[in-house]
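No value in this document is a laboratory result; all are computed from the given coordinates. The model shown is predicted, which means the values in this text are computed figures rather than measured ones. Cβ: placed from backbone, ideal geometry, glycine included. Neighbour counts: every protein chain shown.
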Amino acid sequence: MDVVLAIDGTGSMRSSIAQAQRDGERLIAGLREVTSDLRVGVVVFRDYRNPGGEYELLQALTGDDASVQTALQQVRAVSNRDPGNGAAESYSLLFRKSYSDSAVGWRPGARKVLVVIGEAEPYGAGAAGLAGCRNQAPDPHGLRATDELARLRAKGIVLLMVRETSTET
């Protein structure tokens, strides 16, 4: 099984990053109990024009738990002071990179899982008709969340979304 942990690293997650890191560690420990063939990768994603970067692969898929732990500890919350910054984040870019970036290292034939830990919604998710989403802002990259979700599914990547509550949202 190949599992990528993607953590929202925006400023509003500042009070929740440590919890998200612990959640990721517990998930890995639980999966290790049920499969010996586990590789884990770590990604941090943020919002458009975030000074900390919008998307970063901190650790490609690996069976080395120490490398995964190191990557999880590198996740930092970075605030975006851009006046045009809204509440949405770059989930659609994350989804696209998850299936298109060969550096992630998905194995052919492996069960593929993307676990996203965050507290916001994708740009334009409400406009795209995603249930429960309200954001109408266009994606700065021209992506549509529904299209990217369909592509994830077509690539055989299972998506698990974990909503992290934050005192800043």
Problem set entry | Rounded to the nearest 20 debye, dipole of the chain from Cβ charges on Lys, Arg, Asp, Glu | 280
Problem set entry | Candidates VAL113, VAL158, VAL44, ranked by Gaussian network fluctuation over the chain, Cα under 10 Å, top entry | VAL158
Problem set entry | Burial ranking of peptide ranges 85-91, 49-55 (average Cβ count within 10 Å, highest at the top) | 85-91, 49-55
Seminar exercise, completed: GNM of the chain, Cα pairs under 10 angstrom: of LEU57, LEU72, LEU27, the biggest fluctuation goes to LEU27
Exercise. Restricting to the stretch 2-163, what percent of DSSP beta bridges are antiparallel, rounded to 5?
Worked result: 20
Seminar exercise, completed: Once Lys and Arg are counted +1 and Asp and Glu -1 for all other residues with Cβ under 13 Å from that of VAL68, the total becomes -1
Seminar exercise, completed: Which residues qualify? For THR62, with a placed amide H closer than 5 Å and at least 5 residues away or on another chain, they are VAL40, GLY41
For this session: Provide the net charge surrounding VAL158, with neighbours chosen by a C-beta distance below 11 Å and charges set as Lys +1, Arg +1, Asp -1, Glu -1.
Result: +3
Problem set entry | Rg followed by Dmax, in Å, when the chain is reduced to its Cα trace | 15.2, 47
Exercise. Taking K and R as +1 and D and E as -1, what net charge do the other residues with C-beta under 14 Å from the C-beta of ASN50 add up to?
Worked result: -1
Problem set entry | q = 0.18, 0.23, 0.29, 0.31 Å⁻¹: log10 I(q)/I(0) that the Debye formula gives for the stretch 1-56, counting C-alpha atoms only | -0.65, -0.89, -1.13, -1.21
